[in-house]
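Encoded as structure tokens, the structure appears first; notes follow it.
The values are calculated or read from the model by the stated rules, or taken from the named source; none is laboratory data. These numbers were taken from a predicted model, which means no experiment stands behind them. All Cβ positions, glycine included, derive from the backbone under ideal geometry; neighbour counts span all protein chains shown.
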Amino acid sequence: MGVYTAIGKGDYERQETQVLYQVPCDGERIAEWKISIGGSSFMSRKDELYQLTEHIPDPVIRAFTVYMLSQAPWHFWSQPSSAGKYHPKDEHGFEGLLLHTIRVVGVGSVICESAQGRLDSNIILPACFLHDICRYGTGVVHRGKDSEYSVPEHPELASTLIRRLGNGFGSFVDDIADAVETHAGRWGKTAPRNETEWAVHYADCIAANYHVWGAAL
């Protein structure tokens, strides 16, 4: 069994609480990993994001989402969501992308709740968590240089990563990857094709709109 521990840098290197996840994989193997959650009274944004995964109804899909977050490139946990032209100002600095993701998940949750069962939260919410995990590339040398700026092909990069690491988990992986690949809407290469994908796109657009978060300006 593989054991994966999601630990960030600096102050995040705390292991007071470890959550063990085990899910069936390929029908026979058991995929197992541990996620470390900080134990201080102050909840970091990273801890908050992991805690929000409890809103995903299906336990296997929830565990898969946690696993994918643990495999996210380093920049996902520290970089801004925007260099300054887009998104609220409080997302332009350290952990801005993480804050944006928390907001997208929050909006996505409201959309699912308001739909009263007509939308699949087991696909929409994981896609909200994972839509920008490759916003700055894959965490390695990208386009001949390190991941310094947001890359336009980040939906495709994230979708590819989800499909690769999710191989064998179940058919839901492709649905999540599709929603991630189309989340940029008209600003991306592929537009949403069904209501699930549109829901993720709308959650991202609303969360990125600085008018919604005017108190932070």
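Does region 38-66 hold any residues that are surrounded by 20 or more Cβ atoms within 10 Å (Cβ to Cβ) and at pLDDT below 50, and which are they?
Answer for region 38-66, where residues must be surrounded by 20 or more Cβ atoms within 10 Å (Cβ to Cβ) and at pLDDT below 50: just Gly38.
Since Ile176 meets every condition but one in (1) of a type in the set (A, V, I, L, M, F, W, C); (2) within 19 Å of Ile56 (Cα to Cα); (3) at pLDDT below 95, which condition does it not meet?
(3)
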